[in-house]
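The structure appears right after this line, and notes come after that.
The values are calculated or read from the model by the stated rules, or taken from the named source; none is laboratory data. Worth saying up front: this structure is predicted, and the values here are computed from it rather than measured. As a convention, Cβ positions derive from the backbone with ideal geometry for all residues, glycine included, and neighbour counts pool all protein chains shown.
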Amino acid sequence: MFVLAGVSILFKIRTRQISLLFGSVLLLIFFFYYIPYEILTNPNYLHLEEWENAEKELAFAGGALVIAACFAGKNENRLSRFLEKLIPLGAIFFAITLISFGILHFLEAKDASTLVPSWIPGHLFWIYFAGVALIGSGIAIILKIKVGLIAALLGLMIFLWFVLLHIPRVIAAPPDYISSEVTSAFLALAYSGIGFVIGGEGRKKASNHST
């Protein structure tokens, strides 16, 4: 599914339909796998950090819906017309994950500060700064406050994390940990891309309203 969606986006092959279907499937996994799993099997389900993987699923679902919104397409059948109603929720799903991850920056500040490269001073400051930026970006996207600018800055911030934090960690990772570091790096790259897409769509809407 990920490969199919990626190829569809890269080569613009029925991108709206495939992204919409992909996002819908990820939403089904979130609601009917992750939520029951956490509540029924995890005694610590009230702790926010236990929902990290579920929130990643929600972020990707939102990202797929955001990308679907960027491409024109026809409502070919009743299912497509029904799924189209999910598209406006894509940015909100992504924003929920942003807010959650921002809160975790405060709850897990000391542990997270170890991820900041040693040559950057003020490790805790940057963790708190990132937490504020994530929470603020999520709220701005939900409330539609200067979405074009804020989402673009969000995408840039996360892309800098990809370059300054994740790539060096991938290079330095021992063989037993390299797969997890590569996964984390591509997650950051994906979140950055979603932020840029939301920012681009926000600027388009703002320019349309001004004209």
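Which one is nearest to residue 20 (Cα to Cα), of the residues in the stretch 79-101 that are modelled with pLDDT of 95 or more and among the aliphatic types (A, V, I, L, M)?
89
Given the conditions (1) touching a helix residue (DSSP H, G or I) at 6+ places or on another chain (Cβ under 6 Å); (2) surrounded by fewer than 19 Cβ atoms within 10 Å (Cβ to Cβ), which single one is not true for residue 132?
Condition (1) is where residue 132 drops out.
Would you kindly identify the helices (runs of 4 or more DSSP H) lying entirely within the stretch 67-155 that contain at least 1 residues that are of a type in the set (S, T, N, Q) and touching a Leu at 6+ places or on another chain (Cβ under 6 Å)?
It comes to 90-107, 109-113, 123-143.
Report whether or not residue 9 is farther than 30 Å from residue 106 by Cα, surrounded by 12 or more Cβ atoms within 10 Å (Cβ to Cβ) and either in contact (Cβ under 8 Å) with a residue 24 or more places away in the chain or out of contact with any strand residue (DSSP E or B) (no Cβ under 7 Å at 6 or more places or on another chain) (or both).
The answer is yes for residue 9.
Residue 100 - would you say it is surrounded by 14 or more Cβ atoms within 10 Å (Cβ to Cβ) and either small (Gly, Ala, Ser) or farther than 26 Å from residue 70 by Cα (or both)?
Here the answer is yes, as residue 100 does meet what is asked.
Return yes or no: is residue 104 more than 30 Å from residue 22 (Cα to Cα), in contact (Cβ under 8 Å) with a residue 12 or more places away in the chain and not charged (D, E, K, R)?
no
Picking from 112, 152, which residue would you name as being within 15 Å of the chain's Cα centre (by Cα), among the small types (Gly, Ala, Ser) and buried (at least 17 other Cβ atoms within 10 Å of the Cβ)?
152
Return the residues of the stretch 46-60 that are in contact with a Ser or Thr (Cβ under 8 Å, 6 or more places away or on another chain) and either free of Cβ contacts under 8 Å to residues at least 40 places away in the same chain or surrounded by 24 or more Cβ atoms within 10 Å (Cβ to Cβ) (or both); say none if nothing qualifies.
Hits for the stretch 46-60 are 58, 59.
Given the conditions (1) touching a Leu at 6+ places or on another chain (Cβ under 7 Å); (2) within 23 Å of residue 196 (Cα to Cα); (3) among the acidic types (Asp, Glu), which single one is not true for residue 49?
The number of the failed condition is (2).
Please list, ordered by first then second residue, the pairs with beta carbon atoms under 7 Å, 6 or more apart or interchain, first in the stretch 189-207 and touching a residue at least 24 places away in the same chain (Cβ under 8 Å), second outside any helix (DSSP H, G or I) and of a type outside the set (Asp, Glu).
Listed pairs, sorted by first residue: 197/70; 201/70.
For residue 179, which of the numbered conditions (1) within 25 Å of residue 2 (Cα to Cα); (2) of a type in the set (Ser, Thr, Tyr); (3) crowded, with 16+ Cβ neighbours inside 10 Å fails to hold?
Unmet for residue 179, out of (1) within 25 Å of residue 2 (Cα to Cα); (2) of a type in the set (Ser, Thr, Tyr); (3) crowded, with 16+ Cβ neighbours inside 10 Å: (3).
Within the stretch 6-35, count every residue that is of a type in the set (S, T, N, Q) and either more than 16 Å from residue 85 (Cα to Cα) or touching an Asp or Glu at 6+ places or on another chain (Cβ under 7 Å) (or both).
Qualifying residue count, the stretch 6-35: 2.
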